[in-house]
1. Please identify every one of the trypsin sites (Lys or Arg not before Pro) in segment 21-77 that sits in a loop by DSSP and has no more than 13 other beta carbons within 10 Å of its own beta carbon.
2. For all pairs of alpha-carbon atoms in segment 126-191, what percent lies in each bin of width 5 Å, listed from the first bin to the last filled one?
3. Net charge within 13 Å of E41 by Cβ-Cβ distance, Lys/Arg positive one each and Asp/Glu negative one each, not counting E41 itself?
4. To the nearest 0.05, what FRET efficiency results for E16 and R86 with a Förster distance of 35 Å applied to their C-beta separation?
5. Can you tell me how much longer the chain between H33 and T59 gets when fully stretched, taken as 0.36 nm per residue apart minus their C-alpha distance, in nm with one decimal?
6. Calculate the length of the line joining the C-alpha centroid of segment 25-62 to that of segment 111-160, in whole Å.
7. Report the label-to-label distance for D153 and Q183 in nanometres (one decimal), using points 7 Å from each Cα along the Cα→Cβ vector.
8. With a Förster radius of 25 Å, plug the Cβ-Cβ distance of A141 and A111 into 1/(1 + (r/R0)^6) and report the FRET value to the nearest 0.05.
Amino acid sequence: MRQLEKRITDAESPVEEMYRRHAFTILAYIRRHIPSMEDAEDVMLDVFLAALEHEIFLTLEEHQQIAWLRKVAHNKFIDYHRRSRRRPSISLEITTEALYEDDEEAPEQVALRHEEHAVLREHLAALPAMQREVLWLRFAAGMGCNDIARLLDRREGTVRAWLSRSLNLLRIHYEQQRRGEEQHERVGRYVHP
């Protein structure tokens, strides 16, 4: 068993050494011709697989190995460009930028808005019914204080006072929530070193 392990290790050593010696140089050479790092790494993998399949490669001198690897790399990135012309592709970064040109429509922003709206609904539910209605009429329906006063058969000053109180209560609720989160974070730091 021990002899088998030694033979496997000895058999893998020249390949590992060859890869360590030449990988950076070959990758740099390929990167000059292929813009995507992922694609360049794939091409480099193909180059080294070809070297492993070539029985005489490990017997070549170092300068011959590097010349052979560069020639194979050249052929492989030519093949890559031929394939990419036949099957054009668009990078994922460009695709996501095109899909969400407006940052507000990006999935992360939509999720954050949903969370903010849920918190707002929770805080609004804690307000008295009349204050909720005045806030809804003012901000959701877009009505002015004068129009709200006529609709509710109240004086405009009363409506303005309700709006002011409602907004102050919302501020207090948000402030209490923020303080609770900060306190939770401080406690978490002491509990989890």
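1. R32
2. 3, 17, 21, 17, 10, 7, 8, 6, 5, 3, 2, 0
3. Its environment carries a net charge of -2.
4. According to the calculation, E is roughly 0.50.
5. Result for the pair: 6.5 nm of gain on full extension.
6. Here the answer is 66 Å between Cα centres.
7. Placing both labels 7 Å beyond Cα along the Cβ direction yields 4.4 nm.
8. My answer for the efficiency is 0.40.
None of the figures in this text is laboratory data; all of them are computed from the coordinates on show. All values reported here derive from a predicted model rather than from experimental measurement. Note that we place each Cβ from the backbone using ideal geometry, even for glycine, and neighbour counts take in every protein chain shown.
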